[in-house]
Amino acid sequence: MHAISDRIPVSASLPTAQALLDAIPALVDQIVALLQEQQARMPGHLLDQPPGERHRAVERALAMALGVLARPAARAGNQSAVSQTPLTEAPGPGGNGPAPARQLLFDALAGEHHLSASELEEMGAKAGWESLPQCIQPIALAPAQPSPRLLPQNALWGSTGQYEPCCLIPDPSPATQTVLHASLSGHTAAVGPVVPLAEAGSALRWARSLLCLSQERHGHRVGVVYVEEHLTTLLLMQDELLSQALATQCLQPLDDLPRRRRERLSSTLLAWLQEGSASQAAQALDVHPQTIRYRMRQIEELFGRTLREPHRRFELELALHCRNLIHSVRQERSRTWRRATRNTAPGRKSSAAPPRVNGR
């Protein structure tokens, strides 16, 4: 909301509420004027349009008045570029899909097809870009959900093979980020970082990987996740077999223990490595410090002097994180498989049983 709040003048001598009230009349005047422009552009009177069209017209007018959305350029006599990217409805799933030039451009930026620099320029022009952007922000969306309502008009949509629908946003601005956050509300999606154009394919791959990993860990309704907030997780799960090999090698002294003791000592060791002391680890695990010290003596008997070596402590912490991530992913995979098996069992009724309430 910072792009909106920055548009509202807040006087140091007035409470914020009063400043907002003072700003409303001018804002209303702008919205009324912009609605009149919208009405002139529509094929009929604004009030005669379906509710969805009226809502979108008001939404666009409000965004324009706040400066989040630029006014459309005039049809005649004004071919200059606007200072901000206009927004548009995202294409719905199952539609006609992107034009060949846009799909080819998407494939090239996603790393699925090679184009020379001149060919990229040519495809960009055919796809409607005035020039190639300096940077790109990718979005990966889970399939079978409504498309985001408003995204930049020059966003490039596409998909790679059987993957989820994806979107590449050229040269995103802070205002675009604000609208993007609101547009993705209620969706399941992964947003990649803003990267140079040449790195668009890598950033899109990270977003797809994070979306898949998040769904495997937490189910299919994970909301919106951001690659920049999960770089460590992506790095550790880049190669699941390699992460498993690291965990097996480093944590072998724990593997011969009974399951409950192994889990208890693993969580204690991870807390101790992260927090740096027994007292802080006790606070993190909500147990008595003496309990942590007792468990650490058992851990020292298992691992010996390796706990004193900084590089070994680093490897142990990585291994513990890897094992926890792999465990959560495999648990969710198992739950998904069981649900699918139940739903496809022979003779099973298609309608689900009513939920039980309070054990009844």
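The values are calculated or read from the model by the stated rules, or taken from the named source; none is laboratory data. The structure presented is a predicted model; accordingly, all values stated were derived computationally and were not measured. A quick note on method: Cβ atoms are made from the backbone with ideal geometry, for glycine too, and the neighbour counts reach across all protein chains shown. Just so you know, the surface numbers come from the protein's heavy atoms only, side chains and all, with ligands and any DNA or RNA stripped out. Shrake-Rupley method; radii C 1.70, N 1.55, O 1.52, S 1.80 Å.
Annotations for the structure displayed:
- Screening GLU300 with (1) open to solvent by 50 Å² or more (accessible area, probe 1.4 Å); (2) in contact with a Ser or Thr (Cβ under 9 Å, 6 or more places away or on another chain); (3) charged (D, E, K, R) gives one miss only, at (2).
- Residue count for the range 274-333, restricted to those that are acidic (Asp, Glu) and farther than 23 Å from ARG260 by Cβ: 2.
- Annotation: of all residues in the range 99-125 being within 27 Å of ALA144 (Cβ to Cβ) and surrounded by fewer than 18 Cβ atoms within 10 Å (Cβ to Cβ), the one that is modelled with the highest pLDDT is GLY111.
- When ARG260, ARG295 are checked against the criterion of being more than 13 Å from ARG323 (Cβ to Cβ), open to solvent by 60 Å² or more (accessible area, probe 1.4 Å) and either in a helix (DSSP H, G or I) or among the small types (Gly, Ala, Ser) (or both), ARG260 stands alone in meeting it.
- Look at (1) in contact (Cβ under 8 Å) with a residue 12 or more places away in the chain; (2) among the acidic types (Asp, Glu); (3) over 30 Å from LEU141 (Cβ atoms) and you find that GLU228 fails only one, number (3).
- Residue check, LEU307 surrounded by 13 or more Cβ atoms within 10 Å (Cβ to Cβ) and modelled with pLDDT under 90: yes
- Residues that are open to solvent by less than 50 Å² (accessible area, probe 1.4 Å) and at pLDDT 90 or above do not occur anywhere in the range 340-349.
- Failed criterion for GLU164 (all others in (1) over 21 Å from the mean Cα position of the chain (by Cα); (2) in contact (Cβ under 8 Å) with a residue 40 or more places away in the chain hold): (1)
- Which listed residue is in a helix (DSSP H, G or I), open to solvent by less than 60 Å² (accessible area, probe 1.4 Å) and within 28 Å of TRP337 (Cβ to Cβ), from LEU235, LEU241, LEU246: LEU246
- First in the range 189-200 and over 23 Å from PRO143 (Cα atoms), second anywhere and aliphatic (A, V, I, L, M) and assigned to a strand (DSSP E or B), Cβ under 7 Å, 6 or more apart: VAL195/ILE136; LEU197/ILE136
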